[in-house]
Ligand code: NAP
């Protein structure tokens, strides 16, 4: 019998998370007279990246955070970017730093990310944050994987002992997703562009995470009946990595695109910025 899946609406959960963030930002303002502040750094003039950054700034302002925007020319060198990120890391008026990915092929992105002090790494992109996700420390989590976990928890999806298949292994999405799922005692398979027989792996999954950036790569017919399907992919034309219309008759829970994972990513970014501001305050 086909399943009637429940839609996992990230926009609804994000609204609740954001209103809690706004309440915390107001309390912070009452205590300090300043706002938890997110600095965004954009290198170059890629239209999609500029839109993402604007959206993050708009949401920050909407929910009571301060913003600082640094726009750098496409020709910016790694050393120049490192200088900017170092001075933001040292600036007590900035609590969180977001370097918009990608930064351009001539820049050593890993070096740039790792310049961000872990205490302000609210996007969860530094090696230190990755280590704490993998090893169970107290650092910030990568926003999209963390938002996905919040969605799964909100829908009471048990993770322990479940077989989770993550399709994609990027440093900002697939790898931290796998680390966080492993920490929650899922059995994790990570697939990537060299994986043989992707269909076979996806068909074994209790939980499928699409994190590729290829429209509808994951076919609906591959989904095990009753599986939980999370689509983090976002491709032109509001199309995800999962063939949604094919998957809805088989999945028990599924995220829509848009309105699924995307709003949760931003909600986690804002919440972690307030976390960073509160932590800085408590450390004097
Ligand atoms: P990325 O850096 O390009 O990584 C894509 C991953 O997919 C790589 O690991 C790649 O494997 C793998 N891959 C490519 N073709 C494949 C294939 N045919 N079969 C299996 N795996 C394949 O992308 P990303 O930054 O992680 O983003 C992935 C998607 O998520 C994009 O659509 C992006 O827009 C979306 N995204 C959404 C949010 C959100 O907030 N909703 C946030 C971030 C990203 P290799 O490692 O072997 O190359």
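Since every read-out is calculated from the coordinates, none of them should be taken as a lab result. In this text, all values refer to a predicted model and were calculated from it rather than measured experimentally. Reconstructed Cβ throughout: ideal geometry from the backbone, glycine too, with neighbour counts over all protein chains shown.
Tabulated results
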item	result
Relative packing of 23-34, 209-220, which averages over residues the other C-beta atoms within 10 Å, highest first	209-220, 23-34
Mean residue ellipticity (222 nm) of the chain, computed from DSSP H runs ≥ 4 via -39,500 (n - 2.57), nearest 500	-13000 deg cm²/dmol
The stretch 234-254 versus the stretch 46-96: alpha-carbon centroid distance in Å	32 Å
Projected label distance in nm at residue 184 and residue 235, using a 7 Å step from Cα toward the beta-carbon	2.6 nm
Whole-number Å³ per residue for the convex hull built on Cα positions in the stretch 77-136	73 Å³
Cα gyration tensor, the stretch 41-103 - rounded (a/c under 1.5), prolate or oblate	oblate
Using alpha carbons only: equivalent-ellipsoid semi-axes of the stretch 1-142, gyration tensor based, whole Å	27, 21, 17
Packing-based order for 45-58, 133-146, using average beta carbon neighbours within 10 Å, highest first	133-146, 45-58
Rg/Rh (Cα only; Kirkwood hydrodynamic radius) as it applies to the stretch 14-55	1.14
Paramagnetic reach from residue 55 in the stretch 124-139 [backbone N under 19 Å; point 7 Å along Cα→Cβ]	124-125
Per-pair calculated FRET efficiency, R0 = 51 Å: residue 30 and residue 194 via Cβ, rounded to 0.05	0.45
P(r) tail fraction, the stretch 143-284 - alpha-carbon pairs more than 22 Å apart, %	35 percent
Beta bridge orientation in the chain: antiparallel %, DSSP, nearest 5	5 percent
The chain pair-distance distribution - Cα-Cα, 10 Å bins, rounded %	7, 28, 34, 22, 7, 1
